[in-house]
1. Here is a list of conditions, (1) within 29 Å of E245 (Cβ to Cβ); (2) under 16 Å from the mean Cα position of the chain (by Cα); (3) among the aliphatic types (A, V, I, L, M), and V79 meets all of them except one; can you say which number that is?
2. I4 is checked against (1) within 29 Å of N104 (Cβ to Cβ); (2) outside any loop (DSSP other than H, G, I, E, B); (3) in contact with an Asp or Glu (Cβ under 9 Å, 6 or more places away or on another chain) and fails just one. What number does that condition carry?
3. If I ask for residues that are of a type outside the set (A, V, I, L, M) and under 20 Å from L264 (Cα atoms), which ones from region 176-194 would you list?
4. Could you check A48 against (1) assigned to a strand (DSSP E or B); (2) within 18 Å of S284 (Cβ to Cβ) and say which number it fails?
5. Within region 67-94, how many residues turn out to be over 26 Å from A252 (Cβ atoms) and in a strand (DSSP E or B)?
6. Could you tell me whether D201 is over 15 Å from the mean Cα position of the chain (by Cα) and assigned to a loop (DSSP other than H, G, I, E, B)?
7. Please find, among N65, N43, N56, the residue that is among the polar types (S, T, N, Q) and surrounded by fewer than 19 Cβ atoms within 10 Å (Cβ to Cβ).
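The values are calculated or read from the model by the stated rules, or taken from the named source; none is laboratory data. None of these values were measured; they are calculated from a predicted model. Cβ placement follows ideal geometry from the backbone for every residue including glycine, while neighbour counts extend to all protein chains displayed.
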Amino acid sequence: MNSICIFGVFVADLCFFAEKIPSKGETVLGKSHLVGPGGKGSNQAIAAARLNGDVNFITKVGKDNHADTALKLYKDSGVKTSSIIQDENLSTGVAGIMIDDNGNNAISIIPGAAAHLDEQDIDNNIEIIEKSKIFLTQMETPEDVTRYSLKKAKESNCITVLNPAPARKLNEKDFKLLDFFTPNETEAEFYLNKKIETETDIKNAGKEFLKKGVKNIIITLGEKGVYFANKDQEYFIEALKLKNEVVDTTGAGDAFNGAFVVGLANNLKFKDALIFANKVAGISTTKVGAANSMPTFEEVENY
């Protein structure tokens, strides 16, 4: 299999379960809580590794209990850790996640040590990037460093994939660095500054991203599936019909992105990689937690 390099953030997820997510100024009596591993880059690395991907993860953590949790999880999942930077002067990041009875969530993230990632950290791991076929990153790392990492990955002839979560500003020229851009509907709205509600809206959004220089646009649509477009084709793929009820959607986007790059690494056709990613994302919503919800390849095969 071709190797995958993922650049992103690890945080410890502090999950709070209640009937509803509180509104501004509201206090809600919760039902339970869970502490587990999270961070979009970390979740995506674990998702890819559990699907038998050859995964290197570049991130920065502290030297504390949360970092120990991360390193054990990577070892158990098969994520390579030689590019993980530990800094004893910094704390590992945390995220507060509120989850309602329908599996909807609201998240506040504090990146901690990962907020101190810089261009030198990318340069120090350039050999790993150069040896990778696919480079995947998100928008939780510092903006300038994210941009620099994509530039270096492109110079290294990697297939570049940007999952723009959370949605933050991109320069127009940045879109030209992207082989795949994978926003959800809300993130797509942010970058185009317009509402996306109908099927026509989605198709028009796809055209706009392609005009910006993105080679392939993938808009994830939650329970409605996914939309794909490039200069040659466009299509919708329905969401997986689940055998179990949805309990937590927190890690679904990360499951999708991690699975999609595994599909690319296995030289699947784009549509087949998207169908695979859709299936993995759907299965992940039937379990509680983010990283903990990522299915193994065997689970996906047998579902």
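1. (1)
2. Condition (1) is where I4 drops out.
3. Residues of region 176-194 of a type outside the set (A, V, I, L, M): 176, 179-187, 189-191, 193-194.
Answer for region 176-194, where residues must be of a type outside the set (A, V, I, L, M) and under 20 Å from L264 (Cα atoms): K176, D179, F180, F181, T182, P183, N184.
4. With (1) assigned to a strand (DSSP E or B); (2) within 18 Å of S284 (Cβ to Cβ) applied to A48, the lone miss is (1).
5. Residues flagged as over 26 Å from A252 (Cβ atoms) and in a strand (DSSP E or B) within region 67-94 amount to 2.
6. Working: over 15 Å from the mean Cα position of the chain (by Cα): yes; assigned to a loop (DSSP other than H, G, I, E, B): no.
Answer is no for this residue.
7. Values: N43 fails: surrounded by fewer than 19 Cβ atoms within 10 Å (Cβ to Cβ); N56 fails: surrounded by fewer than 19 Cβ atoms within 10 Å (Cβ to Cβ).
Exactly one residue qualifies, and that residue is N65.
Conditions (1) surrounded by fewer than 19 Cβ atoms within 10 Å (Cβ to Cβ); (2) of a type in the set (D, E); (3) within 28 Å of N105 (Cα to Cα); (4) in contact (Cβ under 8 Å) with a residue 40 or more places away in the chain, marked per residue:
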{"position": "K151", "(1), (2), (3), (4)": "yes, no, no, no"}
{"position": "N157", "(1), (2), (3), (4)": "yes, no, no, no"}
{"position": "P166", "(1), (2), (3), (4)": "yes, no, yes, yes"}
{"position": "K176", "(1), (2), (3), (4)": "yes, no, no, no"}
{"position": "E189", "(1), (2), (3), (4)": "yes, yes, yes, no"}
{"position": "E199", "(1), (2), (3), (4)": "yes, yes, yes, no"}
{"position": "K207", "(1), (2), (3), (4)": "yes, no, no, no"}
{"position": "I217", "(1), (2), (3), (4)": "no, no, yes, no"}
